[in-house]
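Working notes, structure below.
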């Protein structure tokens, strides 16, 4: 469904997706990194555990929530990757953080 651009066509960045090093085009979103790593689902629903994945890719639907650099509930389609970024799928409901 998704294909990487030909090697050498643009600058790339190495990120960690689910503990695995993945090379991603510079300027791509964290959602794109998950898709390029072969993961269609970015999270599981809190109630049924159903797999959910990026849908709108423009920050409207919240289906792409993921854990980025240890922070849960990030809209992965709205986060531009950076070198060494750690991206993980989110499992279940968010964890409330004290304010």
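Can you tell me the FRET efficiency between residue 46 and residue 80 if r is taken as the Cβ-Cβ distance and R0 is 35 Å, rounded to the nearest 0.05? Result of the calculation: an efficiency of 0.85. For a test of the definition: using alpha carbon positions, the gyration tensor, and the 1.5 limit on a/c, classify segment 12-89 as rounded, prolate or oblate. Prolate shape, in that a/c is at least 1.5 and a/b is the bigger ratio.
Ordering 63, 18 by the number of other Cβ atoms within 10 Å of each residue's own Cβ, fewest first, gives 18, 63. In plain terms, the chain from residue 91 to residue 57 could stretch by 10.3 nm, reckoned as 0.36 nm per residue minus the Cα-Cα distance.
Computed from the coordinates by the stated procedures, all read-outs in this text should not be read as laboratory data. As the structure is a prediction and not an experimental result, all values here were calculated from the model. Here Cβ is always computed from backbone atoms with ideal geometry, including for glycine, and neighbour counts include all displayed protein chains.
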